[in-house]
Amino acid sequence: MEKIIDENKQGESLALEQKEDNKRKLFIESYGCAMNFSDSEIVASIMVNQGYNTTQNLEEADLVLVNTCSIRDKAEQTVRKRLEKYNAVKRDHNPKMKVGVLGCMAERLKTKFLEEEKIVDLVVGPDAYKDLPNLLAEVDEGRDAINVILSKDETYGDISPVRLNTNGVTAFVSITRGCDNMCTFCVVPFTRGRERSRDPQSIIEEVNNLWSKGYKDITLLGQNVDSYLWYGGGLKKGFEQASDMQKATSVNFSKLLEICAKTQPKMRVRFSTSNPQDLTMDVVETMAKYQNICSHIHLPVQSGSNRILKAMNRLHTREEYKALIDKIRKSIPNCAISQDMIVGFPTETEVDFQDTVSLMEYVKYNFGYMYKYSERPGTMAGRNMIDDVSEATKKRRLQDIVDLQRVHSEIKTKEWLNKTVEVLIEKQSKKSEKQWSGRTSQSIVCVFPKAHYKVGDFVNVKIRDCTSATLIGEAIELSMNN
Ligand code: SAH
Ligand code: F3S
C-alpha cells in the first residue's frame, strides 16, 4: 500500500517540475523555534499559490525569505551574518535577487531593518504573511515594502502548509499563536502578539491530511499549548463574555489532545511547549489514557530559585513545580521530562544558582536546553533590571548545569538498557549509513542497524548500549502499531 503511494508521489513531482521550469524561485530558510519552521511552511504555501517554486540554491533564487528569531542577541547576530552572505551572492552571482525578512526580528526592528540593512527589500511580521502577495507587488515596482501589524485572530488555520525539508514521517501542526504570559525576560509576547487558538476543525483536517500522506508523528505547537482554548474564535481573554452555548462547546487543550489521539489512533501525538503554571492534570490524565500520545513533556522551569522565578514573572514556586513533577511521574511512570533553564538572570546570586542545581538534582531531567540570560530590549527585565551578572559567571554557571544535565541524561538513558522500546524510524543515522535513527515515545533518539526496515516503520528495538543522548540497539520485529 505504502509503495503505491510513494510511486504516485514521484510521478506527481516529476510532472510538477516539468511545468514549473519557468516559475519564479523562492529560497526560504528559518532560524529559531519550531514555530518559525512551521510558519515557513505556511509562507511556502502562500508563495506556491503565487506561482513560486522552492529552491535550495541561493544563486538561482528570485526571492530569498529568511524567517528570523529574536529570542537572544546571538540569534539576531546569526541572521545578520546570513544577510551578509545574501549580499555577497547578490553582488557576485545573482543581481536580480530580492530579500525579505520574516518573523520575530522583522516585528521587533520594523522599519529600522530597511534603514540598517540595505540588502533587505521586504519586512513582514509573523501575523502578516497573507499580505505577502501585495507586498511583493510593491517590491516588483521597485519600492521597499513592510507589514508588521499584529493580529488578534490570525491563525492561518485556512492555509494548508507546504512541508519543507521533510522526512515524510514527522510534522509540526500549530495550534496557538502568540503568548500572553509576559515572562519578564522574553521578547515573544512583543514579537508574536496576543495569544489566540486555532479552530480545532482545521487542526483535525490537517492531522488527517498528514496521515493520508504517510506522516506518523505530529507535534502540536504553541508557545504555551496548555492555554489552548477554542470557543468560536478570538482572544482567550474574551471567554468570560462567551455565551453559555459557546462555553459548553468549548475545546481546551486536554480535549484537543484527546480528539487528535482518537481521530488518528496510530499517529503519534506530541506537543510543545508547556508552561508549568498552565499544565493541568487533565492533560496528564489524557496522556496516560491514550498510548499514541507520547510520554514526554517539555516543561521549562528557567530557574530553581523562588526569588528569581518571581522576578521572571513565572507564576509558580519551586515547591509547586516539584509537586507537579511528582504527580506526572505517578500518573505516567516512564514519562520523559525535559527543561529550559536560564542562568545569570539579573540579580541571580550563587545561592539562587544552587537552587537551580538542586532542582535539577531532584527532577533528573531526560534532557534540556540551557542558556545564558540575554537582555532583550523592551522586555520588563530589559527595562527595569540591570544585567548585572558578569559574562564569566554566566559562562561558568552554564557549563556547570550543562555538565550536570549530561550526567542526568546518562542516568536516564541507562534505565532503558536491556529493555525493548518502540521506535519510529525517521531517517538514516548521521553517524552511519548502515543505521536507522528514530525516537521512542519519550523523545529519546535511538539508532540501530537498518536490516530490512524502512523509514516510517514502527520497530521494537532491544537496547544494548547507550550514550548520554542516544540509545543503541537492535531491531527485533515490526511493532503492532504498523
Ligand atoms: N514558550 C516558548 C518559550 C520560547 S523561548 C516555547 O514554546 O518554547 C525558548 C526558551 O528560550 C525559553 O524557555 C527560555 O529558556 C529561553 N529564553 C527566552 N528568552 C531568553 C532570554 N532573554 N535570554 C536567555 N534565554 C531566553
Ligand atoms: Fe516567552 Fe514565557 Fe511566553 S518564555 S513565549 S513569555 S511562556
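Assorted remarks:
- Taken as a whole, the structure places residue 95 among residues that are outside the structural domain of residue 377 (by TED's automatic domain parsing) and free of Cβ contacts under 8 Å to residues at least 12 places away in the same chain.
- Being within 16 Å of ligand 2 (Cβ to nearest atom), touching a helix residue (DSSP H, G or I) at 6+ places or on another chain (Cβ under 7 Å), open to solvent by 20 Å² or more (accessible area, probe 1.4 Å) and not basic (Lys, Arg) is a property that residue 221 lacks.
- Residue match in segment 336-346 (condition: farther than 29 Å from residue 417 by Cα and over 24 Å from the mean Cα position of the chain (by Cα)): yes
- Exactly one residue among 58, 63, 135, 109 is outside the structural domain of residue 177 (by TED's automatic domain parsing), within 23 Å of the chain's Cα centre (by Cα), more than 25 Å from residue 219 (Cβ to Cβ) and crowded, with 17+ Cβ neighbours inside 10 Å, and that residue is 109.
A quick yes/no check of all residues on (1) more than 16 Å from ligand 2 (Cβ to nearest atom); (2) in contact with a Ser or Thr (Cβ under 7 Å, 6 or more places away or on another chain):
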site	(1), (2)
349	yes, no
358	yes, no
368	no, yes
378	no, no
398	yes, no
402	yes, no
416	yes, no
421	yes, yes
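- Some residue of segment 285-305 being of a type in the set (Val, Ile, Thr) and away from ligand 2 (no atom under 16 Å from the Cβ): yes
- Just one residue in the set 84, 76, 41 is at pLDDT 95 or above, away from ligand 1 (no atom under 16 Å from the Cβ), under 30 Å from residue 274 (Cα atoms) and among the acidic types (Asp, Glu); that residue is 41.
- The set of residues from segment 156-178 being within 16 Å of ligand 1 (Cβ to nearest atom) and open to solvent by 20 Å² or more (accessible area, probe 1.4 Å) comprises just one member, 172.
- Of residues in segment 219-236 being more than 16 Å from ligand 1 (Cβ to nearest atom) and either on the phi < 0 side of the Ramachandran plot or among the charged types (D, E, K, R) (or both), the one nearest to the chain's Cα centre (by Cα): 229
- Residue match in segment 344-353 (condition: assigned by TED's automatic domain parsing to the domain that holds residue 272 and in contact with a Pro (Cβ under 9 Å, 6 or more places away or on another chain)): no
- For the condition open to solvent by 30 Å² or more (accessible area, probe 1.4 Å) and not basic (Lys, Arg), residue 403 qualifies.
- Residue satisfying condition, being away from ligand 1 (no atom under 16 Å from the Cβ) and surrounded by 15 or more Cβ atoms within 10 Å (Cβ to Cβ), within set 330, 372, 364: 364
- Residue match in segment 310-327 (condition: in the same structural domain as residue 402 (by TED's automatic domain parsing), under 19 Å from residue 179 (Cα atoms), in contact (Cβ under 8 Å) with a residue 24 or more places away in the chain and more than 24 Å from the chain's Cα centre (by Cα)): yes
- When residue 195 is tested against (1) open to solvent by 50 Å² or more (accessible area, probe 1.4 Å); (2) within 16 Å of ligand 1 (Cβ to nearest atom); (3) of a type in the set (Asp, Glu), exactly one condition is not met: (1).
- In segment 271-292, residue farthest from residue 172 (Cα to Cα) [restricted to those that are in a loop (DSSP other than H, G, I, E, B) and within 16 Å of ligand 1 (Cβ to nearest atom)]: 277
- Positions within segment 381-409 being of a type in the set (Val, Ile, Thr) and in contact with a Gly (Cβ under 6 Å, 6 or more places away or on another chain), in sequence order: 389
- Those residues of segment 212-225 which are touching a strand residue (DSSP E or B) at 6+ places or on another chain (Cβ under 9 Å) and assigned to a helix (DSSP H, G or I), in sequence order: 225
The values are calculated or read from the model by the stated rules, or taken from the named source; none is laboratory data. All of these numbers come straight from a predicted model, not from anything done at the bench. Virtual Cβ from ideal backbone geometry, glycine too; neighbours counted across all protein chains shown. In case anyone asks, the SASA skips ligands and DNA or RNA and just uses the protein heavy atoms, side chains included. Shrake-Rupley method; radii C 1.70, N 1.55, O 1.52, S 1.80 Å.
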